[in-house]
Each structure stands twice: as structure tokens, then as C-alpha cells.
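Q: Pasting in a structure now, in C-alpha cells, and then I'll have a few things to ask.
The values are calculated or read from the model by the stated rules, or taken from the named source; none is laboratory data. Values in this document were obtained by computation on a predicted structure and should not be read as measured data. With ideal geometry, Cβ positions are generated from the backbone for all residues, glycine too; neighbour counts draw on all protein chains shown.
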Amino acid sequence: MKIEMKKSTLFLGVILLLLLFCSVFLVGGFCGFAVDQMVTKALTKPTHINSIAMQNQIRTMSELATAKVSYQGMISYEEGKYNFIDKKSYNMIYQSEVKAGVDLSKATVVADEANKKIIVKLPDPEILSVYVDPSQTQFYDEHYSLFNLPDSSTGTDAMQLAEKDSLEHVDEQALLDAAKKQAEDVVSGLVEIGIPEDYTIEFK
């Protein structure tokens, strides 16, 4: 009698174990299918083009697309005619950074669905700033006179001269071209996310 009860208990345990295994298998299969569907949906390219949304998203990036170049230069300054009376002169070595960029807040996006392309019009790149680092400037061969002594305007004037000298010596066109290329790369990466694979992007 005890042997039969043990066999029945063992048989019942095996049945429960099989049912538990089947349940886990079914739940696991369903979860795997659900995850697969979510991933597929996330990776599937959209079929509808929302050019207004793309344009607004690009415009919120403002002047993100920029390029910059560092420059080290020297300027020589001289004014006045008479030594010790009104003459002032000095030489200055400086380091500057010139930055160019594209104002993406003025970008426009048009979807040409007939030809399967996105037309992006960007404004021309422009010089955004010229920064002369005061901590990297060095004055030498300074000469001042009785009626032309150094004052607070001397440093300001020297910085303005250095900014002008920077723009005269850096390759401005190369810098603008680099800023334009950077802008196109940034916009391309953003637009490609929201268009079908058979679409192309054209810049104007």
C-alpha cells in the first residue's frame, strides 16, 4: 500500500513539473515574441514624412554646427611723431580662436515625395566670433611718451587690433566651408532617422 502511494505521489509530481515547464515555455515564447515586435517596430523606418517636425527639431539646435581655428600672430603698433613727447609703440604676440557657424534656426525642410527626397535649405555660414586670449598675450619693445602714457584703453585697443589681424590671416573661406560641412553632417544625421530608406537628402 505504501509503495503504491509513493508511486502515485511521484507520478503526480512529474505531471506538475511538466505543466510548470510548459507554462514557462509558453510565457517565455510570448515575451520573446513581444520583445521582437517592439524591436522591429523601433527599427522600422517611417513611411510618413513630417517635414515640419524635422524643421522644428533642426531649428531648436540653433548654432550647434560650428567650426573653429586657432591662430598665433604678432602685431606692431606705433602712433605719434616725436619721441618722449607723443610717440607710443609696442609689439604684441597673441593667440586667438576664430569660430564660424551656420544658424540652424533659419533652416527650412521640404519633403519632395514624388522624387523621394528631402530638400534642406541652410543659411550661409558666417564668422561668429573672434576671441583673443588675454592670458596668452605678450607685450615687448614698449615705448611711451610724456603725452601718450599707457592707460586702460591700451589693452582694449591692442585686443581689437589682434582680432582684426586674426581675420586677415586665417583662411576664412576654408573655415566657412568646414562650418557648412559640419552643419550638413549634423542635419543629415537628424533627418535620416525620420525618413524611409529609399529617400535621399539634398542641400541647397
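Q: I'd like the residue in the stretch 58-86 that is among the β-branched types (Val, Ile, Thr) and assigned to a strand (DSSP E or B) and, out of all such residues, is modelled with the highest pLDDT.
A: So in the stretch 58-86, the residues among the β-branched types (Val, Ile, Thr) come out as 58, 60, 66, 69, 75, 85.
Now drop any that are not assigned to a strand (DSSP E or B), which leaves 66, 69, 75.
On the way: 66: 84, 69: 94, 75: 87.
Restricting to residues being among the β-branched types (Val, Ile, Thr) and assigned to a strand (DSSP E or B), the top hit is 69.
Q: Of all residues in the stretch 84-119, count the ones that are more than 29 Å from residue 170 (Cα to Cα) and in contact with a Phe, Trp or Tyr (Cβ under 7 Å, 6 or more places away or on another chain). Before the answer, list the steps.
A: Let us first name the residues in the stretch 84-119 that are more than 29 Å from residue 170 (Cα to Cα), namely 84-87, 108-119.
Adding the requirement that they be in contact with a Phe, Trp or Tyr (Cβ under 7 Å, 6 or more places away or on another chain) leaves 85-86, 116-118.
Of the residues in the stretch 84-119, 5 are more than 29 Å from residue 170 (Cα to Cα) and in contact with a Phe, Trp or Tyr (Cβ under 7 Å, 6 or more places away or on another chain).
Q: Of all the residues that make up the stretch 111-131, how many are under 28 Å from residue 100 (Cα atoms) and not polar (S, T, N, Q)?
A: Start the filter on the stretch 111-131 by keeping residues that are under 28 Å from residue 100 (Cα atoms), which leaves 118-131.
Then keep just the ones that are not polar (S, T, N, Q); that gives 118-128, 130-131.
Of the residues in the stretch 111-131, 13 are under 28 Å from residue 100 (Cα atoms) and not polar (S, T, N, Q).
Q: Tell me which residues, restricted to the stretch 181-199, are assigned to a helix (DSSP H, G or I) and either within 13 Å of residue 51 (Cα to Cα) or not assigned by TED's automatic domain parsing to the domain that holds residue 104 (or both).
A: 187, 190, 191, 192, 193
Q: Another question, if that's okay. If you check 99, 87, 164, which single one turns out to be touching a Gly at 6+ places or on another chain (Cβ under 6 Å) and under 27 Å from residue 77 (Cβ atoms)? Write out each step before concluding.
A: Details: 99 fails: touching a Gly at 6+ places or on another chain (Cβ under 6 Å); 164 fails: touching a Gly at 6+ places or on another chain (Cβ under 6 Å).
Exactly one of 99, 87, 164 is touching a Gly at 6+ places or on another chain (Cβ under 6 Å) and under 27 Å from residue 77 (Cβ atoms), namely 87.
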